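Below is one structure; the comments refer to it alone.
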Amino acid sequence: MTIGATPRLQCPDTASAYATQCAGSPTTWTLMRDRHDHQLWQVRGPRTTVAVKVASGENAARALVREAAALRAMPPGGVRVLHTADGVYCPAPWAWLITAWADGPTTWDTFKKLRDDTNAGRDEARRAAVELCMSVGRLHAVGWVHGDLRPHHAVHTTAGVRLLSCTAASRIGNAISASYLGGLVYLLSPQLAAALESTTVGVVLDSDDEVYTLAAGLWWAATTTWPLAYADAGIDPSTMTSLALRRAIATIKIPLAKAAGHPWPQFLAPLSAAMTQPPGSRPSALQLADQLKAVPLI
């Protein structure tokens, strides 16, 4: 086994053994993320490449256990669970999860050419946006929401889009964990922000709010700017805590940013329309895919 970095945590022996069993030997371990309470490893071997997530501490371990449970129950579209700490000795409060590695660019990555040159990158960005909307739409159609959509949490593989970071994934109609904060606050719908402010027992996620987040994330990927015009409301979000910003968004007093100044306003128009519509009137993710598919490249 070749280790590509020195971690702050140590991967449990059982997780290491299962990862090697899946990937084949010899393996190369690359530390992709190393935070105080969790790690993400990429493990390459002659057989395949897997992802190993390790969490330490009660909160991080619980979150990883929730993600493993969600991935097992979710329909195709998430990454495939290979092994977890369930049923295997793992001293608390530790948890680990091994999944297939999703190989490909994220949605954010596919928009890089567009951000660098709006003429050169339009086709690739539009195609990726449509693929993501269709993947989310299929998830919604079978009664699930992701709960933390953002351009960095979707990987475009040769087998289709794979949705990552599924800790908050939930069946539509089920109340999510009370610890849920809504994902990336800048992409929250005002309605979901308000719901989070009004309850301490966990909100019920629905596809309407997720379509808002989907459109907001694509806006961000295309422009590198947030979809709300904070300056027009006299707000500087960089000076605010996530909680304070969520409360500001919940007031529904921050206007949407304008698409007119962007070199490709036709692409931003359906995103803006999806965010403008009230719940119940927004397009579905599949309808948004059709709208984006129809956006001209010139």
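The values are calculated or read from the model by the stated rules, or taken from the named source; none is laboratory data. Only a predicted model underlies this, so the values are computations on that prediction, with no experimental measurement involved. Heads up, the Cβs are rebuilt from the backbone with ideal geometry, glycines too, and the neighbour counts pull from every protein chain shown.
Quick one: is residue 243 assigned to a helix (DSSP H, G or I), within 23 Å of the chain's Cα centre (by Cα) and farther than 26 Å from residue 138 by Cβ?
When the stated conditions are applied, residue 243 passes them.
Counting only residues that are buried (at least 21 other Cβ atoms within 10 Å of the Cβ) and more than 25 Å from residue 171 (Cβ to Cβ), how many does segment 39-55 have?
6
Which of (1) within 20 Å of residue 282 (Cα to Cα); (2) of a type outside the set (Gly, Ala, Ser); (3) surrounded by fewer than 22 Cβ atoms within 10 Å (Cβ to Cβ) is the odd one out, the single condition residue 212 does not satisfy?
Looking at each condition in turn, residue 212 falls short on (3).
Name the residue that is modelled with the lowest pLDDT, counting only residues in segment 70-101 that are out of contact with any Ser or Thr (no Cβ under 9 Å at 6 or more places or on another chain) and among the aliphatic types (A, V, I, L, M).
Result: 92.
Report every pair of residues separated by at least 6 positions or lying on different chains whose Cβ atoms are under 7 Å apart, first residue within segment 199-214 and assigned to a helix (DSSP H, G or I), second at pLDDT below 90.
Short answer, once both residue conditions are applied: 208/279; 208/280.
All but one of (1) surrounded by fewer than 18 Cβ atoms within 10 Å (Cβ to Cβ); (2) farther than 26 Å from residue 287 by Cβ hold for residue 229; state the number of the condition that does not hold.
Every condition holds for residue 229 apart from (2).
To keep it simple, each residue is scored yes or no on (1) outside the structural domain of residue 288 (by TED's automatic domain parsing); (2) under 28 Å from residue 101 (Cβ atoms); (3) crowded, with 20+ Cβ neighbours inside 10 Å.
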position	(1), (2), (3)
118	no, no, no
122	no, no, yes
131	no, yes, no
158	no, yes, no
163	no, yes, yes
